[in-house]
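Chemist: Let me give you the structure first, and then I'll get to my questions.
Derivation of every value follows stated rules applied to the coordinates shown; laboratory data play no part. None of the values given here were measured: they were computed from a predicted structure. No Cβ is skipped: glycine too gets one built from the backbone with ideal geometry, and neighbour counts run over all protein chains shown.
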Amino acid sequence: MTTTLTDSLYLTFADLLDYPTPQVHQQAKACLAELQPNPEAAQALETFQHGIANLSFERLQELYTVTFDMQPLCYPYIGYHLFGESYKRGAFMAQLNETYHAHDFCPQQELPDYLPVALRYLGLEPARREDDFGSTLIAEGLLPALAKMRQVFNQQTENPYANLLTALELVLTPEKELTHA
């Protein structure tokens, strides 16, 4: 069963996948409450929540840095996972910037293919309704990137961020693509 992502759920996932703030536990709790209609995603997020519960704030920041900034396979940049450091990534980022600009959305000081930036863009209700760019970004950008990002965790499943990525992937995956044998 999939969960329809609400604007706030996109934004909460963006916050949870960004560098941790002191509000991370409240954000995880809010996200978990919204995921209750999707038991599989809720379970993954609950595992993430339990994984960070006893970490000091400084240790959580260190874990984030080690997970997303120091492991090339898990960089939180969609274009990097799709195209590597090729000119195609540059073209992809230019397209993102153009679309963001058309919707008066600013990625602040981040690159446009930064996963939390894309999620914040998708959290803008008009941006998802005006054209198919949002659904294409999910299907051809976020989902393939998330699949590659999660590969790094095959050997170290104790990292709570693996569960956060799993929860996001579960709610972004269309129901018809989920098959249960």
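Chemist: Using the basic label-point model (7 angstrom from Cα toward the beta carbon), what is the ASN154 to ASN54 distance in nanometres?
Modeler: So the two model labels end up 3.0 nm from each other.
Chemist: What net charge is computed for the residues neighbouring ALA53, neighbours being all others with C-beta under 12 Å from the C-beta of ALA53, Lys and Arg scored +1, Asp and Glu -1?
Modeler: Numbers: positive: LYS29, ARG59; negative: GLU46.
Here the charged neighbours net out to +1.
Chemist: Would you please classify the overall shape of the chain from the alpha carbon gyration tensor, given that a ≥ b ≥ c denote the square roots of the eigenvalues, rounded means a/c under 1.5, and beyond that prolate means a/b larger than b/c while oblate covers the rest?
Modeler: It is rounded, given that a/c, with a ≥ b ≥ c, falls under 1.5.
Chemist: Mean-square fluctuation check for the chain, GNM, Cα pairs under 10 Å: which of ASP113, ASP15, ASP104 is largest?
Modeler: ASP104
Chemist: Label the stretch 37-132 by shape, choosing from rounded, prolate and oblate, from the square roots a ≥ b ≥ c of the eigenvalues of the Cα gyration tensor; if a/c is under 1.5 it is rounded, and otherwise prolate applies when a/b is larger than b/c, oblate when it is not.
Modeler: Working: a/c = 2.17, a/b = 1.43, b/c = 1.52.
Oblate is the answer for the stretch 37-132, as a/c is 1.5 or above yet b/c matches or exceeds a/b.
Chemist: May I ask you to list the residues of the stretch 84-111 whose amide nitrogen lies under 17 Å from a point 7 Å from Cα along the Cα→beta-carbon direction of THR21?
Modeler: Output list for this probe position: 106-110.
Chemist: Then there is this: Highest GNM mean-square fluctuation, the chain, Cα pairs closer than 10 Å: which of GLN108, GLN49, GLN36?
Modeler: GLN108
Chemist: Compute the relative contact order of the stretch 7-177 as a whole-number percentage, counting only Cα pairs closer than 8 Å that sit 6 or more residues apart in sequence.
Modeler: Numbers: 170 pairs, mean separation 56.9, N = 171.
Computed over the stretch 7-177, the figure is 33 percent.
Chemist: Same structure, new question: Could you give the length gained on full extension between TYR87 and GLN43, defined as 0.36 nm per residue of separation minus the Cα-Cα distance, in nm?
Modeler: Value of the extension gain: 12.0 nm.
Chemist: Where does the charge balance sit around ASP15 when Lys and Arg score +1, Asp and Glu -1, over other residues with C-beta under 15 Å from its C-beta? Walk me through the numbers on the way to the answer.
Modeler: Working: positive: LYS29, ARG120; negative: ASP7, ASP18, GLU34, GLU110.
Neighbourhood net charge equals -2.
Chemist: Below 14 angstrom from the Cβ of TYR64, what's the summed charge of the other residues (Lys, Arg +1; Asp, Glu -1)? Can you show the working numbers first?
Modeler: On the way: positive: ARG59; negative: ASP15, ASP18, GLU58, GLU62, ASP69.
With Lys, Arg at +1 and Asp, Glu at -1, the net is -4.
Chemist: Can you give the calculated 222 nm mean residue ellipticity of the chain, where each DSSP H run of n ≥ 4 adds -39,500 (n - 2.57) and the sum is split over every residue, rounded to the nearest 500 deg cm²/dmol?
Modeler: -17500 deg cm²/dmol
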